[in-house]
1. With +1 on each Lys and Arg Cβ and -1 on each Asp and Glu Cβ, how big is the dipole of the chain about its Cα centre, in debye rounded to the nearest 20?
2. State the volume of the convex hull built on the alpha-carbon positions of the stretch 46-113, expressed per residue in Å³ and rounded to an integer.
3. Give me Rg/Rg_expected for the stretch 18-82, where Rg uses Cα atoms only and Rg_expected = 2.2 N^0.38 Å with N residues.
4. Report the rotationally averaged projected area of the stretch 126-196 based on its alpha-carbon convex hull, in square nanometres.
5. Please list, short to long, the whole-number percent of alpha-carbon pairs of the chain in consecutive 10 angstrom bins beginning at zero.
6. What length, rounded to one decimal in nm, is gained on full extension from HIS211 through to GLU41, with 0.36 nm per residue of separation minus their alpha-carbon distance?
7. Enter the Cα centre distance for the pair the stretch 153-211 and the stretch 1-43, rounded to the nearest angstrom.
8. Hey, what number do you get for the chain at 222 nm if only DSSP H runs of n ≥ 4 count, each worth -39500 (n - 2.57), divided across all residues, to the nearest 500?
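Read the figures in this text as sums done on the coordinates, not as results from a lab. Just so you know, these numbers come straight off a predicted model, no measurement behind them. Here Cβ is always computed from backbone atoms with ideal geometry, including for glycine, and neighbour counts include all displayed protein chains.
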Amino acid sequence: MAGKIVVLTGAGISAESGLGTFRDEGGLWAQHRIEDVATPEGFARDPALVHRFYNARRIQAAEALPNAAHEALARLQRDWPGEVVIVTQNVDGLHEKAGATAIHMHGELSSALCYRCGHRWPSPPEMAPGEPCPACHARAGRPDIVWFGEMPYHMDEIADHLQTCDLFASIGTSGQVYPAAGFVQEAAYAGARTIELNLSDSEISRAFEDHRVGPASRVVPQWVAELLA
Ligand code: APR
């Protein structure tokens, strides 16, 4: 039966493309303090440090290639007779490199944002403090990344999709960061079936009816093949 599938992705789907996750052993949050590099207060205190952090991630992401999991989701979006909405917390652009379209709830490394006027533009590979905004010319450019304490993007649109989906899948996310961690409940309340695909159990595994445990590059293509069979 066709229908609407909403897929939420997190850092785990890009791990096998060589991009580190946040909370796994040796992950980004073991190496950097969240309050220094991922909050508006941290940026106000030391913009150079924050730009260095995102410049390094931007360069890594630009060099990374999508893996079999990104490619399988792109295939699902192309070949599924119903609708497939990919909502990602990732900022790396790998869904698009694989040929899919995704809703970026936590922003994108490839985008810059003016904190004065709200204008967005394609980010240069490296940003520096005082980056000028091409629209209002304030020296107020920042990475277009949703930091802790900020409102994720596209929440109304995502809520509409969750309320009207038939199947909700969560791939490679630890379920530790809201609002994304609450999407499974929203979808379940709306009557959707729910499935989690992850390397291991997450904080919110019990909220899902069905589970596929293993690396995304293996379990996602298998799951997509079953759906399309
Ligand atoms: N295949 C599948 N899952 C994997 C793989 C893999 N190869 N490697 C790791 N994982 C899983 C881990 O088991 C974990 O559940 O990916 C998850 C990664 O969790 P986090 O590092 O917490 O990443 P994420 O859930 O995307 O973080 C959410 O937190 O720091 C913020 O804004 C940032 O968007 C991010 C948000």
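1. Result for the chain is approximately 460 debye, rounded to the nearest 20.
2. Spelled out: Cα convex hull of the stretch 46-113, divided by residues, is 81 Å³.
3. So the stretch 18-82 has a normalised radius of gyration of 1.51.
4. 6.8 nm²
5. 8, 33, 35, 19, 5, 0
6. 57.4 nm
7. Spelled out, the Cα-based centre of one part sits 16 Å from the other.
8. Using -39500 (n - 2.57) per qualifying helix, the result is -9000 deg cm²/dmol.
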